[in-house]
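**Student:** This is the structure, below, for whatever I ask next.
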Amino acid sequence: MTVHIDLAGRTALVTGSTQGIGAAIAVALARAGARVAVNGRTAASVERAAMALRSEVPDAEVIEVDADVSSDEGTARTLDLLPTVDILINNLGIFGPTPALEITDDEWRRYFEVNVLAGVRLTRAYLPAMMERGWGRVQYIGSDSAVVTPAEMIHYGVSKTALLGVSRGFAKAAAGTGVTVNSVLAGPTHTAGIEDFISGLMGDSLPWDEAQREFMRLHRPQSLLQRLIEPEEIANMVTYLASPLASATTGAAVRVDGGYVDAIVP
């Protein structure tokens, strides 16, 4: 028996998809046949990402959505450019280390606006039509930090914890309609952002391979992989959950964390 994922005829929006995990998800969905909307804050970054996607998947149908979906104005522009989708991947997120007692109210609000409310607004906009059509997929790209709050960035962890409730709640709203809503708990992933993050924690003097090993040993010792996860590995799970094969998975927090979360129940 072979597993074949066919998303032909489906339109997907991946927020924050000009780099990192979002870009890998866009490529994976395009390879499965979906029409993919690439999203970022600037036209230049979106154009570069779209060109890279077309290079990876030459026959891909790509839509460019240059809009900051963490704002009301950006959300409105996104809906103008893309009135309806079948697959919504709420990937946009920010992170960065700040001592817990130094996180200001403004920073707390910014993390909530970007990491939580951006996805809430888009889900609220796109979910009703999915329910009416009887098919749709909504996913929130979460983090192991949702359940293992990192001491160096509790505002990030709390925002990702909130997504678990958001995802479960919208799954209940869509119950019985053929639409699934899930969150994906990504573990420590190899992206340009995490390279900067690790360099900030470990210092610039260490070679990357050594810095990565030391970061995992000192700051993420629970990882059973004992390495950073590649973005494509996250994208594989997202693509499966976006497919008809995952029709019975909804309201779930699916882990792609390399065994980082020390629990036997997801």
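The values are calculated or read from the model by the stated rules, or taken from the named source; none is laboratory data. Worth saying up front: this structure is predicted, and the values here are computed from it rather than measured. Cβ atoms come from the backbone with ideal geometry, glycine included; neighbour counts cover every protein chain shown.
**Student:** Across the range 257-266, which residue is modelled with the highest pLDDT among those that are more than 20 Å from residue 165 (Cβ to Cβ) and buried (at least 20 other Cβ atoms within 10 Å of the Cβ)?
**Tutor:** My answer is 258.
**Student:** In the range 218-236, which residue that is of a type in the set (A, V, I, L, M) and surrounded by fewer than 16 Cβ atoms within 10 Å (Cβ to Cβ) is farthest from residue 189 (Cα to Cα)? Lay out the reasoning, then the answer.
**Tutor:** Filtering the range 218-236 for residues of a type in the set (A, V, I, L, M) gives 218, 224-225, 228-229, 234-235.
Keeping just the survivors that are surrounded by fewer than 16 Cβ atoms within 10 Å (Cβ to Cβ) gives 218, 224-225.
Values: 218: 16, 224: 14, 225: 11 Å.
Restricting to residues being of a type in the set (A, V, I, L, M) and surrounded by fewer than 16 Cβ atoms within 10 Å (Cβ to Cβ), the top hit is 218.
**Student:** Suppose we filter 57, 85, 3 for residues that are outside the structural domain of residue 152 (by TED's automatic domain parsing) and over 19 Å from residue 186 (Cβ atoms); which single one remains?
**Tutor:** Numbers: 57 fails: outside the structural domain of residue 152 (by TED's automatic domain parsing); 85 fails: outside the structural domain of residue 152 (by TED's automatic domain parsing).
From the options 57, 85, 3, the qualifying one is 3.
**Student:** Turning to a different aspect of this structure: What strands (runs of 3 or more DSSP E) lie completely within the range 42-155 and have 2 or more residues being over 19 Å from the mean Cα position of the chain (by Cα)?
**Tutor:** Counting at least 2 such residues, we get no strands (runs of 3 or more DSSP E) at all.
**Student:** If residue 199 passes every condition in (1) without any contact (Cβ under 8 Å) to a residue 40 or more places away in the chain; (2) of a type in the set (Ser, Thr, Tyr); (3) surrounded by 20 or more Cβ atoms within 10 Å (Cβ to Cβ) but one, which one does it miss?
**Tutor:** If we test residue 199 against (1) without any contact (Cβ under 8 Å) to a residue 40 or more places away in the chain; (2) of a type in the set (Ser, Thr, Tyr); (3) surrounded by 20 or more Cβ atoms within 10 Å (Cβ to Cβ), just (3) comes out false.
**Student:** On to the next question. Given 239, 249, which one is in the same structural domain as residue 115 (by TED's automatic domain parsing), hydroxyl-bearing (Ser, Thr, Tyr) and crowded, with 19+ Cβ neighbours inside 10 Å?
**Tutor:** Numbers: 249 fails: crowded, with 19+ Cβ neighbours inside 10 Å.
The unique qualifying residue is 239.
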